[in-house]
Amino acid sequence: MAAVKRAYLAVYNWAVFFGWAQVLYFAVEALLRSGHEDVYAAVERPLQLAQTAAVLEILHGLVGLVRSPVSATLPQIGSRLFVTWGILWSFPETRTHILVSSLVISWSITEIIRYSFFGTKELFGSAPSSLLWLRYSSFLVMYPTGISSEVGLIYIALQFIKASEKYCIRNSECPTKWNYAFDYFYASILVLLVYVPGSPHMYTYMLGQRNCVRRRLQSQRPRKSSRYVL
């Protein structure tokens, strides 16, 4: 069963890795060819597939396939799915903004490093020091740019959400004893507010992971130096 588990995780990680590599390639190509206005159109389908595939990571954590806590995985994946489907797919007016370019590039670089790191570990039992350094250092830049782009796009979309009233449910539309109302505009504002405590939590979690890896490396190789220092 251990071999089956490793084989499955290796296939999963490398499959999603190639998905994100495709996203980055199409994004850079569109950016250089015609500008940021065409980036979303170039990456829409592979972006949706690669990002939605991350839902399986929540399941992996729930059933114990991986050690990553669901409390850290769920907020990150949930917020990205909200931006992918609830903002960019739902409101085309946001797709030509320059923040889409910074969002897609930040996400894809982060995920290319992350999935190749875990894919290599599943295949060979460990990852090279260069990949380890990238995994636990690149987030210092990629997380702030990615999160800032997410927040910016949600904020930009608010005016279109309010004007369209898409996904809103009024009491008059549900004339039953379970009458309820749902306003997507206020729900989106609530999501923005969640970023206030959520973003520092995720960043602090990654810093903690980075420090743990650093201490482990120092204890394992106290007399050896490495060009890749966390």
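Here are a few things to note about the model shown:
- Checking each residue in segment 172-230 for being modelled with pLDDT under 60 and either within 23 Å of the chain's Cα centre (by Cα) or of a type in the set (Gly, Ala, Ser) (or both) picks out SER172, SER225, SER226.
- Every listed requirement among (1) of a type in the set (A, V, I, L, M, F, W, C); (2) assigned to a helix (DSSP H, G or I); (3) touching a Phe, Trp or Tyr at 6+ places or on another chain (Cβ under 9 Å) is met by TRP85 save one, (3).
- Whenever a residue of segment 118-139 is closer than 18 Å to THR204 by Cα and crowded, with 18+ Cβ neighbours inside 10 Å, its partners that are of a type in the set (D, E, K, R) and at pLDDT below 90, lying with C-beta atoms within less than 6 angstrom and at least six residues away or across chains, give the pairs TYR136/ARG210.
- Members of segment 88-107 found to be surrounded by fewer than 18 Cβ atoms within 10 Å (Cβ to Cβ) and either assigned to a helix (DSSP H, G or I) or of a type in the set (Asp, Glu) (or both), listed by number: TRP89, PRO92, GLU93, ILE98
- Residue match in segment 69-89 (condition: of a type in the set (S, T, N, Q) and more than 18 Å from TYR143 (Cα to Cα)): no
- Helices (runs of 4 or more DSSP H) completely within segment 108-220 that count 1 or more residues being over 30 Å from TYR40 (Cβ atoms) and among the basic types (Lys, Arg): 184-220
The values are calculated or read from the model by the stated rules, or taken from the named source; none is laboratory data. The model shown is predicted, which means the values in this text are computed figures rather than measured ones. For neighbour counting, all protein chains shown are included, and Cβ atoms are generated from backbone atoms with ideal geometry for every residue, glycine included.
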